[in-house]
Amino acid sequence: MASVTQQQVQKFHEDGFLVLENFFTAEECDSMRNQIGRIVAEMEVPPHCRTAFSTKEDEQLQAQGSSDYFLTSGDKIRFFFEKGVLDERGNFLIPKEKSVSKIGHALHAYDPVFKQITHSTKVQELGRKLGLERPVVVQSMYIFKQPGIGGEVTPHQDATFLHTEPLGRILGFWIALEDATRENGCLWFIPGSHTGGISRRMVRAASGSSTCVEFVGSEPAYDDSQFIPLPINKGGLILIHGEVVHKSELNSSESSRHAFTFHVMEAKDTSWSKENWLQPTPELPFPSLYT
């Protein structure tokens, strides 16, 4: 791939996103897809998905169980499912490889294939071109966007979930492992929407509350006409500023839209919020992007 130009870096700062087609090869994309196939083949349904719903109180415990599963997934490889794919006993109603919504949040640390991609020379070079001095990897996710049921992702800013002081220190790398089209749920952005701060934060709830996280502030109503679609071919990379507003629509097509995404924080002169759902652990401090 050609190296990133200063014009492109400039465009990223103006728009809050940058599309880099052909950043990864078809072989690199296929190696990630094949690896995820193996991971899914060995997947056990997590216990919290298997408890039968009965009373209201059980439902709250169920929610608490799944919230703990989510909250403690920062340093593990865990499975999150589309709605309606499991029966009340936790058995699959459809083939299991079609049921997973995403896998997160530490593929970059514990899986050799995803670790290699995350720390690949070209990613490190891109970090340096963007002027990152001490970038660390905070999380990664494999997103399936299943045919017909891959849910929409409503307009949001990544810094709502990954808050730093100061803002402007979070950067998303979004890799298309299959062509992402308007039909199968490509990303949409509001250009220039990364300059107004954030309107909402997701924080860890006080212990003893019924939910594990809560939102502070509210998401404004965005004007649909401001969003532009960013279809991208397999192997393409979209750089996403932590405060740019973006979304994706429901996948109503018959093809999936697999993507691997990871987030990097510039750790120099930055503090990671203690209220973020995701926290570094003694087992997995945030690893440096540069090796």
Normalised Cα Rg of segment 185-291, dividing by 2.2 N^0.38 Å with N its residue count, works out at 1.31
In terms of Cα to Cα distance under 13 Å, which aspartates and glutamates are near enough to Lys274, apart from those fewer than 8 places away along the same chain? Glu165
So which trypsin sites (Lys or Arg not before Pro) in segment 207-291 are both in a DSSP loop and have at most 14 other Cβ atoms within 10 Å of their Cβ? Lys268, Lys274
Could you please put Arg78, Arg182, Arg204 in sequence from largest to smallest accessible area, using a 1.4 Å probe? Arg182, Arg204, Arg78
Please give, to one decimal in nm, the separation of the simple spin-label points placed at His119 and Asn34, each 7 Å out from Cα toward the Cβ. 2.2 nm
Largest fluctuation, Gly236, Gly208, Gly196 only, Gaussian network model of the chain with Cα springs under 10 angstrom, belongs to Gly208
Reachable lysines from Lys83, Cα under 16 Å, same-chain residues fewer than 8 places away excluded? Lys96, Lys98, Lys102, Lys145
Note down the nm distance, to one decimal, between modelled labels 7 Å out along Cα→Cβ at Arg200 and at Asp58. 3.2 nm
Within a Gaussian network of the chain (alpha carbon springs, distance under 10 Å), most fluctuating of Glu42, Glu178, Glu266: Glu42
Taking just the alpha-carbon atoms of segment 76-214, what radius of gyration and Dmax come out, in angstrom? 17.4, 51
Estimated [θ] at 222 nm from DSSP helical runs (n ≥ 4, -39500 (n - 2.57)) normalised by residues in the chain, nearest 500: -6500 deg cm²/dmol
Where the centroid of each part is defined by its Cα atoms, how far is segment 89-112 from segment 143-200 in Å? 20 Å
Would you mind getting the accessible area per residue of segment 40-137, heavy atoms of the protein chains only, 1.4 Å probe, in Å²? 53 Å²
In square nanometres and to one decimal, what's the mean projected area of the convex hull around the Cα atoms of the chain? 15.1 nm²
Of the accessible area of the chain, computed with a 1.4 Å probe and all protein chains kept, carbon and sulfur make up a percent value of 52 percent
Extension length gain for Glu133 and Tyr222 (0.36 nm per residue less Cα distance), in nm, is 28.7 nm
Candidates Thr261, Thr270, Thr160: whichever shows maximal mean-square fluctuation once the chain is modelled as a Gaussian network with Cα springs under 10 Å: Thr270
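The values are calculated or read from the model by the stated rules, or taken from the named source; none is laboratory data. Bear in mind that the values here come from a model prediction, so they are computed numbers and not experimental data. Positions of Cβ are backbone-derived with ideal geometry, glycine not excepted, and every protein chain shown enters the neighbour counts. We work out accessible area using only protein heavy atoms, side chains counted, and drop any ligands, DNA or RNA first. Shrake-Rupley method; radii C 1.70, N 1.55, O 1.52, S 1.80 Å.
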